[in-house]
Amino acid sequence: MLDRIGMNQGRLSIVGVTSGALIAASLTVLTPEVTVAKPRAQVSSQTQRVQGGARHARHTSADARARMTGTDARPQFSTGEQDGAGVPGIPDARFWADSVQSFIDAVPREPGEWLVLSEGGEDGAFGAGVLAGWTKTGARPPFSVVTGVSTGALMAPFAFLGSAYDDRLRELYLTVTAADIFEAAATNRSLLDTWPLAASIERNVDAKLLAEIAAEHRRGRRLLVVTTNLDAGRPVAWNMGAIAEYGSAALPLFRQVLLASASIPGVFPPVMLNVEANGRRFHEMHVDGGTTGPFYVAPQKLLLGAVSDRLPAGQIHIIINSKLTPEFQRTEVSTLRILGRSISVALQSALRAQLASVLAKAKHDGIGIVVASVDQGFSHDSRGAFDPEYMKALFELGFEQGNKTALRGEPVSSLVQERGQDFSPQEGPKP
């Protein structure tokens, strides 16, 4: 999915809802006939420095992306095979994120504190700041469940392991540039190439990180990352701690899942995941988790009351890496501007609807909800996708919220304030 689309001096800027570490795509629209990214000869000087200054690393990283995204060859498979498919050798690696029973089986039975990290692309800098600020208070809990979608997914492993990884998150969000995420070169399955992002994931997600996540999983904590299975049209929740239990052999899959949750369909390459059903192997196509929802708390059937099960959480902290309320923006009369504004409005509406369903379920079950989101009054010029100064300003805003009020039960989101509700930590919503 796409989190923000807009026009800037003739450029169609698509900022992706990527998993945890930062995703964005900037497509140059020169004429109606030119709808792909710049060829390599025309990429920015910054990207040229990356390509020219480290050509061997580029090819190595391109190989890394190829290893993660998979092959173009796709054997036929049926709906039945898809429904019964699993990851070879790791039977508990995942479950359908819209399946209530699978969800109940996967999360801890005892209610605890949950952390939910939303999509948001480069605006994930806000969430990184909130976590760092929260650590500063000395009141940040060890969450029993952490979930992440898109940029939230890239952030989730580090948030799951606690404040010891705050500096790593700060570095990831405050030193990244567009050249660290994508190359302006079309592939046969996308407008941009994500070999730089794949290389970043390989550098930052290593065997040590996996071992630490596995240890926390054995203590009963859960780390869930959501991707979208494009073949099935359904969200998939990946039990990252269960995957980590398999050690270094599972490291490629762990990295693939993070890349998939950050893969904006059509803009970034999808990730082809090797699965097996009835002894037959084939590849599923997985893309950005934000395609099927801006963040993940539980299956929609559970949230909407279609089943009687209680949401097994004691307190839910949701970090929304965006603003919640609509902003006025005069739309120019052009196809791209109308399209961009329409998608932006639709995505924000989906975000508000998802949050409303979570709030209603929490109220019914007596669960406290605290929401941190980008202040409606926040304004900072951005020179393009992953502008360091813009991301620094967002990080500082998040740090201030986390350090003062954001996740300690006070009404922090404009949506909550508009509805006159205070989602306190222990007592749930108040009228």
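The values are calculated or read from the model by the stated rules, or taken from the named source; none is laboratory data. Only a predicted model underlies this, so the values are computations on that prediction, with no experimental measurement involved. All Cβ positions, even for glycine, are placed from backbone atoms using ideal geometry, and neighbour counts span all protein chains on display. Note: accessible area is taken over every heavy atom of the protein model, side chains too, but ligands, DNA and RNA are not part of it. Shrake-Rupley method; radii C 1.70, N 1.55, O 1.52, S 1.80 Å.
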(request) Quick one: which residues, 5 or more positions from A93 or on another chain, have an amide H under 5 Å from its amide H? H modelled 1.01 Å from N in the peptide plane, none for Pro or chain starts. (result) V87
(request) Kindly provide the pair-distance distribution of segment 247-291 built from C-alpha pairs, with 5 Å bins from 0 and whole-percent values in order of increasing distance. (result) 5, 23, 24, 21, 17, 8, 2
(message) Explain nothing, just compute: Karplus ³J(HN,Hα) = 6.51 cos²θ - 1.76 cosθ + 1.60, θ = phi - 60°, for every residue of segment 210-223 in order, whole Hz, x for Gly and Pro.
(response) 4, 5, 5, 5, 4, 5, 5, 4, 5, 7, x, 7, 10, 10
(message) If every alpha-carbon in segment 364-404 counts as one equal scatterer, what log10 I(q)/I(0) does Debye give at q = 0.18, 0.28, 0.30, 0.34 1/Å?
(response) -0.60, -1.02, -1.09, -1.19
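Let's test the formula: R0 of 41 Å, r as the Cβ-Cβ distance of Q329 and S102. What FRET efficiency results, to the nearest 0.05? Walk me through the numbers on the way to the answer.
On the way: r = 40 Å, r/R0 = 0.99.
That pair, Q329 with S102, gives E of 0.50.
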(request) In nm, give the distance between the simple-model label positions of A356 and T79, each being 7 Å from the Cα along the Cα-to-Cβ direction. (result) 3.1
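Provide the FRET efficiency to the nearest 0.05 for the D381-R280 pair, computing r from the beta carbons and using R0 = 60 Å. Don't skip to the answer; put the middle values down first.
Values: r = 54 Å, r/R0 = 0.89.
In this case the efficiency is close to 0.65.
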(message) Please list the three semi-axes, largest first and in whole Å, of the ellipsoid equivalent to segment 214-334, using sqrt of 5 times the eigenvalues of its alpha carbon gyration tensor.
(response) 28, 23, 16
(request) At 7 Å along the Cα-to-beta-carbon direction for both V307 and R218, put a label point, then send me their distance in nm to one decimal. (result) 3.0
(message) Quick check on my link table: of K136/K363; K136/K323; K301/K363; K323/K392; K136/K361, which ones sit more than 21 Å apart, alpha carbon to alpha carbon?
(response) K136/K363; K136/K323; K136/K361
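Give me the Kirkwood hydrodynamic radius of segment 318-413, using the inverse of the mean 1/r over all pairs of distinct Cα atoms, in Å to one decimal. All intermediate terms of the calculation are to be shown ahead of the outcome.
Values: mean 1/r = 0.0649 Å⁻¹.
Roughly 15.4 Å, rounded to one decimal.
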(message) Could you compute Rg(Cα) / (2.2 N^0.38 Å) for segment 120-202, with N its residue count?
(response) 1.23
(request) Any chance you could list P(r) for segment 205-266, counting all Cα-Cα pairs in 10 angstrom bins from zero, rounded to whole %? (result) 22, 50, 24, 4
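Counting other Cβ atoms within 10 Å, keep those with at most 15, restrict to DSSP loop, and tell me which GluC sites (Glu not before Pro) in segment 324-390 are left. Present the calculation step by step, with values, prior to reporting the outcome.
Details: sites: E327, E332, E389; in loops: E327, E332.
Filter output for segment 324-390: E327, E332.
Rounded, prolate or oblate: which fits segment 148-289, taking a ≥ b ≥ c as square roots of the Cα gyration tensor eigenvalues, rounded meaning a/c under 1.5, else prolate when a/b beats b/c?
Values: a/c = 1.90, a/b = 1.10, b/c = 1.73.
It comes out oblate by the Cα gyration axes.
With the other protein chains left in place, how much accessible area per residue, in square angstrom, belongs to segment 129-238 at a 1.4 angstrom probe? Can you show the working numbers first?
Details: 3420 Å² over 110 residues.
That works out to 31 Å² per residue.
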